[in-house]
Amino acid sequence: MKFEINRDLIVEGLNKVCKVVSAKASLPILQGVLFEVDVDEIRLTGSDADETIVHSIPVDGQSVSVIDTGKTVIPRQLLDILKRSRKQITFSLEGFQTTITSGKSEFELNCLDPEEYPKFPEMDEKQPHLVLSGERFSSFVKKTAFATSKVETRPVLTGVSINIKSDCIELVSTDSHRLGKLSYQKESKKEFNIVVPAKALENCIKIFDSKLDVELIADEQMILLKNGQTKFLSRLLDGNYPDTSRLIPQGYKADMRIARKEFLDSIEHVKEIANVADNGKGGVVKLHVNGVAALSSHQAQTGKGRVETIYNQLEGEDEFTINFSAKFLIEALRAFDCDEVSFLFQGDMKPFLLKPTEKSDVDEVQLILPVRTY
(Lines give C-alpha, C1' and ligand atoms only; values in the text may rest on other atoms or scores of the structure.)
Protein backbone atom coordinates (compact mmCIF):
# COMPACT_ATOMS: atom_id res chain seq x y z
CA MET A 1 0.00 0.00 0.00
CA LYS A 2 1.34 3.38 -1.01
CA PHE A 3 -0.38 6.67 -1.76
CA GLU A 4 0.04 10.45 -1.67
CA ILE A 5 -2.68 12.74 -0.39
CA ASN A 6 -3.39 16.36 0.44
CA ARG A 7 -3.26 16.91 4.21
CA ASP A 8 -6.63 18.70 4.43
CA LEU A 9 -8.45 15.79 2.76
CA ILE A 10 -7.04 13.12 5.03
CA VAL A 11 -7.45 15.23 8.19
CA GLU A 12 -11.08 15.96 7.29
CA GLY A 13 -11.77 12.25 6.84
CA LEU A 14 -10.00 11.24 10.04
CA ASN A 15 -11.78 13.95 12.03
CA LYS A 16 -15.06 12.33 11.02
CA VAL A 17 -14.31 8.65 11.58
CA CYS A 18 -12.39 9.25 14.82
CA LYS A 19 -15.61 10.55 16.43
CA VAL A 20 -16.38 6.92 17.31
CA VAL A 21 -12.83 5.62 17.81
CA SER A 22 -11.78 5.37 21.45
CA ALA A 23 -8.56 4.37 23.17
CA LYS A 24 -10.81 2.52 25.66
CA ALA A 25 -12.44 0.30 23.03
CA SER A 26 -12.92 -3.27 24.27
CA LEU A 27 -11.35 -4.67 21.09
CA PRO A 28 -7.79 -3.38 20.47
CA ILE A 29 -8.44 -3.39 16.71
CA LEU A 30 -11.20 -0.79 17.21
CA GLN A 31 -8.68 1.61 18.74
CA GLY A 32 -7.42 2.26 15.22
CA VAL A 33 -8.73 3.39 11.83
CA LEU A 34 -9.17 0.94 8.95
CA PHE A 35 -7.55 2.19 5.70
CA GLU A 36 -8.68 0.54 2.47
CA VAL A 37 -6.84 1.89 -0.56
CA ASP A 38 -8.21 1.09 -4.05
CA VAL A 39 -7.46 2.58 -7.44
CA ASP A 40 -10.59 4.77 -7.37
CA GLU A 41 -10.98 5.68 -3.68
CA ILE A 42 -9.51 5.55 -0.19
CA ARG A 43 -11.96 4.41 2.49
CA LEU A 44 -11.47 5.27 6.15
CA THR A 45 -13.48 3.36 8.77
CA GLY A 46 -13.86 4.03 12.49
CA SER A 47 -16.11 2.09 14.85
CA ASP A 48 -16.96 1.35 18.48
CA ALA A 49 -19.02 -1.73 17.47
CA ASP A 50 -22.32 0.14 18.02
CA GLU A 51 -21.62 3.06 15.68
CA THR A 52 -19.52 2.93 12.52
CA ILE A 53 -18.42 5.80 10.27
CA VAL A 54 -17.04 5.26 6.77
CA HIS A 55 -15.63 8.18 4.80
CA SER A 56 -14.51 7.80 1.18
CA ILE A 57 -11.93 10.02 -0.54
CA PRO A 58 -12.04 9.81 -4.36
CA VAL A 59 -8.73 9.32 -6.18
CA ASP A 60 -8.31 12.16 -8.70
CA GLY A 61 -4.61 11.84 -9.56
CA GLN A 62 -3.86 15.32 -8.20
CA SER A 63 -4.89 15.78 -4.58
CA VAL A 64 -4.94 11.98 -4.17
CA SER A 65 -2.67 9.54 -6.05
CA VAL A 66 -2.51 5.79 -5.44
CA ILE A 67 0.73 3.99 -6.28
CA ASP A 68 -0.07 0.62 -4.65
CA THR A 69 -3.40 -0.63 -3.30
CA GLY A 70 -3.80 -2.36 0.07
CA LYS A 71 -5.28 -2.03 3.53
CA THR A 72 -4.22 -1.74 7.15
CA VAL A 73 -5.36 -0.48 10.56
CA ILE A 74 -3.46 2.58 11.81
CA PRO A 75 -3.63 3.88 15.42
CA ARG A 76 -5.90 6.92 15.88
CA GLN A 77 -2.86 8.96 17.07
CA LEU A 78 -2.20 9.39 13.35
CA LEU A 79 -4.69 12.29 13.36
CA ASP A 80 -2.59 14.32 15.83
CA ILE A 81 0.51 13.76 13.66
CA LEU A 82 -1.15 14.80 10.42
CA LYS A 83 -2.62 18.00 11.86
CA ARG A 84 0.94 19.32 12.18
CA SER A 85 2.16 18.01 8.83
CA ARG A 86 2.72 19.89 5.59
CA LYS A 87 0.27 19.99 2.70
CA GLN A 88 1.34 16.81 0.89
CA ILE A 89 1.65 13.51 2.76
CA THR A 90 2.92 10.11 1.61
CA PHE A 91 1.82 6.82 3.19
CA SER A 92 3.85 3.66 2.61
CA LEU A 93 3.06 0.27 4.18
CA GLU A 94 5.64 -2.50 4.66
CA GLY A 95 4.35 -5.52 6.55
CA PHE A 96 2.71 -4.13 9.69
CA GLN A 97 4.50 -0.79 9.69
CA THR A 98 3.34 2.39 7.96
CA THR A 99 5.77 5.19 7.16
CA ILE A 100 4.28 8.68 6.92
CA THR A 101 6.45 11.36 5.31
CA SER A 102 5.68 15.04 4.87
CA GLY A 103 8.41 17.47 3.91
CA LYS A 104 11.38 16.75 6.17
CA SER A 105 9.34 14.88 8.79
CA GLU A 106 8.95 11.09 8.91
CA PHE A 107 6.99 8.86 11.28
CA GLU A 108 6.75 5.08 11.53
CA LEU A 109 3.62 3.60 13.11
CA ASN A 110 3.02 -0.02 14.01
CA CYS A 111 -0.24 -1.19 12.47
CA LEU A 112 -2.74 -3.99 13.09
CA ASP A 113 -4.00 -6.76 10.82
CA PRO A 114 -6.95 -5.44 8.76
CA GLU A 115 -8.37 -8.97 8.49
CA GLU A 116 -9.16 -8.80 12.22
CA TYR A 117 -11.29 -5.68 11.77
CA PRO A 118 -14.98 -6.53 12.30
CA LYS A 119 -17.14 -6.99 9.21
CA PHE A 120 -20.30 -4.93 9.29
CA PRO A 121 -23.55 -5.88 7.53
CA GLU A 122 -24.00 -4.56 4.02
CA MET A 123 -27.23 -2.75 3.19
CA ASP A 124 -28.83 -2.01 -0.17
CA GLU A 125 -28.00 1.64 -0.80
CA LYS A 126 -29.57 1.94 -4.25
CA GLN A 127 -33.10 2.68 -2.99
CA PRO A 128 -33.01 4.81 0.19
CA HIS A 129 -36.18 4.66 2.25
CA LEU A 130 -36.14 8.40 2.88
CA VAL A 131 -34.18 11.43 1.66
CA LEU A 132 -34.03 14.70 3.61
CA SER A 133 -32.01 17.84 3.08
CA GLY A 134 -29.03 18.07 5.42
CA GLU A 135 -30.44 21.19 7.08
CA ARG A 136 -33.82 19.54 7.62
CA PHE A 137 -32.24 16.39 9.08
CA SER A 138 -30.05 18.42 11.46
CA SER A 139 -33.05 20.50 12.56
CA PHE A 140 -35.16 17.40 13.26
CA VAL A 141 -32.44 15.86 15.42
CA LYS A 142 -31.94 19.08 17.42
CA LYS A 143 -35.69 19.38 18.03
CA THR A 144 -36.06 15.89 19.51
CA ALA A 145 -32.83 14.19 20.65
CA PHE A 146 -32.37 16.44 23.72
CA ALA A 147 -35.59 15.13 25.29
CA THR A 148 -34.46 11.48 25.40
CA SER A 149 -33.54 9.76 28.65
CA LYS A 150 -29.93 10.01 29.84
CA VAL A 151 -30.14 6.89 32.03
CA GLU A 152 -30.29 3.25 30.97
CA THR A 153 -33.21 2.26 33.25
CA ARG A 154 -35.39 1.95 30.14
CA PRO A 155 -32.89 1.73 27.25
CA VAL A 156 -35.54 2.31 24.57
CA LEU A 157 -36.12 5.83 25.98
CA THR A 158 -32.50 6.78 25.23
CA GLY A 159 -33.46 6.79 21.55
CA VAL A 160 -35.60 8.78 19.15
CA SER A 161 -38.61 6.97 17.68
CA ILE A 162 -38.68 7.50 13.91
CA ASN A 163 -41.96 6.46 12.37
CA ILE A 164 -41.97 6.61 8.58
CA LYS A 165 -45.41 6.44 7.02
CA SER A 166 -46.45 6.57 3.38
CA ASP A 167 -47.14 10.31 3.54
CA CYS A 168 -45.11 11.65 6.48
CA ILE A 169 -42.24 11.14 8.89
CA GLU A 170 -42.77 11.44 12.64
CA LEU A 171 -40.09 11.79 15.31
CA VAL A 172 -40.82 11.37 19.02
CA SER A 173 -38.58 11.50 22.09
CA THR A 174 -39.36 11.27 25.80
CA ASP A 175 -37.67 10.60 29.13
CA SER A 176 -41.10 10.10 30.80
CA HIS A 177 -40.99 13.65 32.26
CA ARG A 178 -41.13 15.55 28.96
CA LEU A 179 -41.78 14.85 25.32
CA GLY A 180 -40.74 16.28 21.98
CA LYS A 181 -42.68 15.44 18.82
CA LEU A 182 -42.67 16.61 15.22
CA SER A 183 -44.18 15.44 11.95
CA TYR A 184 -43.29 16.43 8.42
CA GLN A 185 -45.17 15.67 5.22
CA LYS A 186 -42.89 13.48 3.14
CA GLU A 187 -43.73 10.55 0.87
CA SER A 188 -42.01 7.20 1.39
CA LYS A 189 -42.26 3.92 -0.51
CA LYS A 190 -41.74 1.88 2.65
CA GLU A 191 -43.38 2.20 6.07
CA PHE A 192 -41.52 1.27 9.23
CA ASN A 193 -40.92 2.32 12.82
CA ILE A 194 -37.45 2.30 14.37
CA VAL A 195 -35.77 3.63 17.52
CA VAL A 196 -32.35 5.20 16.91
CA PRO A 197 -29.98 6.01 19.80
CA ALA A 198 -30.01 9.77 20.37
CA LYS A 199 -26.23 9.73 20.77
CA ALA A 200 -25.85 8.30 17.28
CA LEU A 201 -28.06 10.98 15.72
CA GLU A 202 -26.18 13.73 17.57
CA ASN A 203 -22.88 12.31 16.30
CA CYS A 204 -24.30 12.34 12.78
CA ILE A 205 -25.05 16.03 12.71
CA LYS A 206 -21.55 16.78 14.02
CA ILE A 207 -19.90 15.19 10.99
CA PHE A 208 -22.50 15.61 8.21
CA ASP A 209 -22.43 18.45 5.68
CA SER A 210 -25.76 20.27 6.10
CA LYS A 211 -25.57 21.43 2.46
CA LEU A 212 -25.86 17.81 1.24
CA ASP A 213 -28.87 15.49 1.39
CA VAL A 214 -29.12 12.72 3.99
CA GLU A 215 -30.30 9.30 2.77
CA LEU A 216 -31.85 6.92 5.30
CA ILE A 217 -31.82 3.13 4.90
CA ALA A 218 -32.95 0.79 7.67
CA ASP A 219 -33.69 -2.83 8.47
CA GLU A 220 -34.73 -4.56 11.69
CA GLN A 221 -31.33 -4.14 13.39
CA MET A 222 -29.41 -1.30 11.75
CA ILE A 223 -29.78 2.17 10.27
CA LEU A 224 -27.52 3.57 7.57
CA LEU A 225 -27.35 7.32 7.00
CA LYS A 226 -25.48 8.62 3.94
CA ASN A 227 -24.29 12.19 3.44
CA GLY A 228 -22.06 12.78 0.42
CA GLN A 229 -18.92 10.67 0.83
CA THR A 230 -19.73 9.83 4.46
CA LYS A 231 -21.76 6.88 5.77
CA PHE A 232 -22.94 6.43 9.35
CA LEU A 233 -24.08 2.99 10.52
CA SER A 234 -25.72 2.46 13.92
CA ARG A 235 -27.45 -0.34 15.76
CA LEU A 236 -31.10 0.22 16.57
CA LEU A 237 -32.55 -0.04 20.06
CA ASP A 238 -34.66 -3.08 20.94
CA GLY A 239 -38.02 -2.86 22.65
CA ASN A 240 -41.41 -1.32 22.03
CA TYR A 241 -41.49 2.45 22.18
CA PRO A 242 -44.39 3.69 24.36
CA ASP A 243 -47.51 4.98 22.65
CA THR A 244 -47.17 8.71 23.28
CA SER A 245 -50.12 9.84 21.15
CA ARG A 246 -52.52 9.56 24.10
CA LEU A 247 -50.25 11.76 26.27
CA ILE A 248 -50.91 14.91 24.26
CA PRO A 249 -54.20 16.45 25.40
CA GLN A 250 -56.55 18.01 22.87
CA GLY A 251 -58.18 20.64 25.07
CA TYR A 252 -56.76 23.35 27.32
CA LYS A 253 -57.86 25.80 30.00
CA ALA A 254 -55.65 28.69 28.89
CA ASP A 255 -53.58 29.60 25.83
CA MET A 256 -50.88 32.17 26.54
CA ARG A 257 -49.08 33.50 23.47
CA ILE A 258 -45.70 34.94 24.31
CA ALA A 259 -42.52 36.01 22.50
CA ARG A 260 -40.21 32.98 22.56
CA LYS A 261 -36.92 34.87 22.95
CA GLU A 262 -38.20 37.09 25.77
CA PHE A 263 -39.71 34.10 27.57
CA LEU A 264 -36.42 32.21 27.19
CA ASP A 265 -34.39 35.19 28.48
CA SER A 266 -36.67 35.43 31.53
CA ILE A 267 -36.34 31.77 32.49
CA GLU A 268 -32.57 31.87 32.00
CA HIS A 269 -32.47 34.98 34.19
CA VAL A 270 -34.05 33.19 37.15
CA LYS A 271 -32.55 29.75 36.46
CA GLU A 272 -29.34 30.05 38.50
CA ILE A 273 -30.97 30.99 41.77
CA ALA A 274 -33.62 28.33 41.11
CA ASN A 275 -30.81 25.79 40.77
CA VAL A 276 -29.48 26.74 44.20
CA ALA A 277 -32.91 26.22 45.75
CA ASP A 278 -33.19 22.88 43.95
CA ASN A 279 -29.65 21.63 44.80
CA GLY A 280 -28.66 21.80 41.14
CA LYS A 281 -31.28 19.33 39.89
CA GLY A 282 -32.52 21.57 37.10
CA GLY A 283 -34.15 24.37 39.05
CA VAL A 284 -37.87 24.32 39.87
CA VAL A 285 -39.55 27.56 38.77
CA LYS A 286 -43.07 28.81 39.41
CA LEU A 287 -45.00 30.53 36.63
CA HIS A 288 -47.87 32.73 37.79
CA VAL A 289 -49.98 34.35 35.09
CA ASN A 290 -52.17 37.27 36.12
CA GLY A 291 -51.84 40.25 33.77
CA VAL A 292 -48.15 39.35 33.25
CA ALA A 293 -46.16 36.10 33.12
CA ALA A 294 -44.19 36.08 36.37
CA LEU A 295 -41.40 33.53 36.82
CA SER A 296 -40.03 33.03 40.32
CA SER A 297 -37.69 30.68 42.14
CA HIS A 298 -38.26 29.05 45.52
CA GLN A 299 -36.61 30.43 48.62
CA ALA A 300 -32.98 29.37 49.05
CA GLN A 301 -30.24 30.38 51.52
CA THR A 302 -28.96 32.85 48.93
CA GLY A 303 -32.42 34.34 48.40
CA LYS A 304 -34.96 34.13 45.60
CA GLY A 305 -35.68 35.73 42.24
CA ARG A 306 -38.63 36.97 40.21
CA VAL A 307 -38.83 38.10 36.57
CA GLU A 308 -41.91 39.43 34.82
CA THR A 309 -42.59 39.17 31.08
CA ILE A 310 -45.43 40.72 29.13
CA TYR A 311 -47.34 38.18 27.05
CA ASN A 312 -48.94 38.99 23.69
CA GLN A 313 -52.33 37.34 24.16
CA LEU A 314 -54.23 35.17 26.64
CA GLU A 315 -57.32 33.08 25.92
CA GLY A 316 -59.30 31.08 28.49
CA GLU A 317 -58.51 31.36 32.20
CA ASP A 318 -56.89 34.72 32.94
CA GLU A 319 -55.03 33.51 36.04
CA PHE A 320 -53.12 30.28 36.70
CA THR A 321 -50.02 28.93 38.44
CA ILE A 322 -47.77 25.98 37.60
CA ASN A 323 -44.35 24.70 38.75
CA PHE A 324 -41.85 23.02 36.42
CA SER A 325 -38.17 22.37 35.66
CA ALA A 326 -36.38 25.46 34.34
CA LYS A 327 -33.95 23.23 32.46
CA PHE A 328 -36.78 21.46 30.62
CA LEU A 329 -38.46 24.71 29.59
CA ILE A 330 -35.18 26.26 28.41
CA GLU A 331 -34.33 23.26 26.24
CA ALA A 332 -37.87 23.14 24.82
CA LEU A 333 -37.84 26.84 23.90
CA ARG A 334 -34.41 26.52 22.29
CA ALA A 335 -35.74 23.72 20.09
CA PHE A 336 -38.13 26.11 18.33
CA ASP A 337 -37.21 28.45 15.48
CA CYS A 338 -40.32 30.63 15.79
CA ASP A 339 -40.77 34.14 17.20
CA GLU A 340 -43.86 33.35 19.28
CA VAL A 341 -45.05 30.25 21.16
CA SER A 342 -48.35 29.14 22.65
CA PHE A 343 -48.15 28.02 26.28
CA LEU A 344 -51.15 25.68 26.64
CA PHE A 345 -52.17 25.24 30.29
CA GLN A 346 -54.24 22.15 31.25
CA GLY A 347 -54.17 22.42 35.04
CA ASP A 348 -51.60 22.96 37.80
CA MET A 349 -50.78 19.23 38.00
CA LYS A 350 -51.27 18.36 34.35
CA PRO A 351 -48.65 18.54 31.59
CA PHE A 352 -48.46 21.76 29.60
CA LEU A 353 -47.70 22.12 25.91
CA LEU A 354 -45.54 24.50 23.91
CA LYS A 355 -46.26 25.06 20.21
CA PRO A 356 -45.20 27.61 17.60
CA THR A 357 -48.04 30.00 16.79
CA GLU A 358 -46.81 30.50 13.22
CA LYS A 359 -47.87 27.94 10.62
CA SER A 360 -45.10 25.81 9.13
CA ASP A 361 -44.61 22.65 7.07
CA VAL A 362 -43.34 21.02 10.29
CA ASP A 363 -45.91 20.28 13.00
CA GLU A 364 -44.05 20.32 16.33
CA VAL A 365 -44.93 20.27 20.01
CA GLN A 366 -43.06 20.08 23.32
CA LEU A 367 -44.76 18.63 26.42
CA ILE A 368 -43.47 19.09 29.98
CA LEU A 369 -44.82 17.57 33.20
CA PRO A 370 -45.25 19.91 36.17
CA VAL A 371 -43.34 19.46 39.43
CA ARG A 372 -45.14 18.88 42.74
CA THR A 373 -43.68 21.27 45.33
CA TYR A 374 -45.56 20.13 48.43
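So, of the residues in the stretch 332-374 that are over 18 Å from Ala259 (Cβ atoms), in a loop (DSSP other than H, G, I, E, B) and of a type in the set (Asp, Glu), which turns out to be farthest from the chain's Cα centre (by Cα)?
Ranking the candidates gives Asp348 first.
Considering only the stretch 118-157, how many residues are closer than 22 Å to Ser183 by Cβ and either modelled with pLDDT under 95 or in contact with a strand residue (DSSP E or B) (Cβ under 9 Å, 6 or more places away or on another chain) (or both)?
22
Pairs, please: C-beta under 6 Å, at least 6 apart or cross-chain, first residue surrounded by fewer than 17 Cβ atoms within 10 Å (Cβ to Cβ) and in the stretch 294-318, second at pLDDT 90 or above and among the basic types (Lys, Arg)?
Asn312/Arg257; Gln313/Arg257; Gly316/Lys253; Glu317/Lys253
Return the only residue of Asp348, Asp339 being out of contact with any Lys or Arg (no Cβ under 8 Å at 6 or more places or on another chain), more than 14 Å from Asn290 (Cα to Cα), loosely packed, with under 15 Cβ neighbours inside 10 Å and among the charged types (D, E, K, R).
Just one listed residue meets the conditions, Asp348.
Restricting to the stretch 52-80, and then to whatever is among the charged types (D, E, K, R) and modelled with pLDDT under 95, can you tell me which residue is nearest to Phe107 (Cα to Cα)? I'd like the intermediate steps shown before the answer.
The initial filter retains those residues of the stretch 52-80 that are among the charged types (D, E, K, R), namely 60, 68, 71, 76, 80.
Then keep just the ones that are modelled with pLDDT under 95; that gives 60, 76, 80.
Values: Asp60: 25, Arg76: 14, Asp80: 12 Å.
Within the stretch 52-80, the match that is nearest to Phe107 (Cα to Cα) is Asp80.
Given the stretch 150-198, what strands (runs of 3 or more DSSP E) lie entirely inside it while holding 3 or more residues that are closer than 24 Å to Leu333 by Cβ?
159-164, 168-174, 178-185
Give all pairs with beta carbons closer than 8 Å in which a residue from the stretch 95-106 that is under 16 Å from Asn6 (Cβ atoms) meets a residue that is of a type in the set (Val, Ile, Thr); count only pairs at least 6 apart in sequence or on separate chains.
The qualifying pairs are Ile100/Ile81; Ile100/Ile89; Ile100/Thr90; Thr101/Ile89; Thr101/Thr90; Ser102/Ile89; Ser102/Thr90.
Please find, among Thr101, Thr90, the residue that is within 36 Å of the chain's Cα centre (by Cα), over 20 Å from Val17 (Cβ atoms) and surrounded by 14 or more Cβ atoms within 10 Å (Cβ to Cβ).
Checking each option against the conditions leaves just Thr90.
Might you let me know whether the stretch 323-331 holds any residue that is touching a residue at least 24 places away in the same chain (Cβ under 8 Å), part of a loop (DSSP other than H, G, I, E, B) and within 17 Å of Val289 (Cα to Cα)? Steps first, answer last, please.
Of the residues in the stretch 323-331, the ones touching a residue at least 24 places away in the same chain (Cβ under 8 Å) are 323-331.
The next check asks that each one be part of a loop (DSSP other than H, G, I, E, B); those that pass are none.
No - not one qualifying residue is present in the stretch 323-331.
How many of the residues in the stretch 110-160 are under 30 Å from Cys338 (Cβ atoms) and either exposed (fewer than 15 other Cβ atoms within 10 Å of the Cβ) or in contact with a Cys (Cβ under 6 Å, 6 or more places away or on another chain) (or both)?
4
Has the stretch 281-288 got any residue that is at pLDDT below 95, part of a strand (DSSP E or B), buried (at least 20 other Cβ atoms within 10 Å of the Cβ) and touching an Asp or Glu at 6+ places or on another chain (Cβ under 8 Å)?
The answer is yes, given that some residue of the stretch 281-288 is at pLDDT below 95, part of a strand (DSSP E or B), buried (at least 20 other Cβ atoms within 10 Å of the Cβ) and touching an Asp or Glu at 6+ places or on another chain (Cβ under 8 Å).
Hey, Ser210 hits all of (1) among the polar types (S, T, N, Q); (2) outside any loop (DSSP other than H, G, I, E, B); (3) closer than 30 Å to Leu14 by Cβ but one; which does it fall short on?
Among (1) among the polar types (S, T, N, Q); (2) outside any loop (DSSP other than H, G, I, E, B); (3) closer than 30 Å to Leu14 by Cβ, the lone unmet condition for Ser210 is (2).
Scanning the stretch 36-87 for residues that are among the polar types (S, T, N, Q) and closer than 18 Å to Gln229 by Cβ, which turns out surrounded by the fewest Cβ atoms within 10 Å (Cβ to Cβ)?
If we take residues in the stretch 36-87 being among the polar types (S, T, N, Q) and closer than 18 Å to Gln229 by Cβ, then Gln62 is surrounded by the fewest Cβ atoms within 10 Å (Cβ to Cβ).
Kindly indicate the residue of the stretch 231-248 that is hydrophobic (A, V, I, L, M, F, W, C) and touching a helix residue (DSSP H, G or I) at 6+ places or on another chain (Cβ under 7 Å) and also surrounded by the most Cβ atoms within 10 Å (Cβ to Cβ) among those meeting that condition.
Ranking the candidates gives Phe232 first.
Only one of (1) β-branched (Val, Ile, Thr); (2) touching a residue at least 40 places away in the same chain (Cβ under 8 Å); (3) over 24 Å from Pro351 (Cα atoms) fails for Thr158. Which number is that?
Of everything listed in (1) β-branched (Val, Ile, Thr); (2) touching a residue at least 40 places away in the same chain (Cβ under 8 Å); (3) over 24 Å from Pro351 (Cα atoms), Thr158 misses just condition (3).
The values are calculated or read from the model by the stated rules, or taken from the named source; none is laboratory data. Since this is a predicted model, take the numbers as computed values, not measurements. Please note: Cβ atoms are built from the backbone with ideal geometry, for glycine as well, and neighbour counts cover all protein chains shown.
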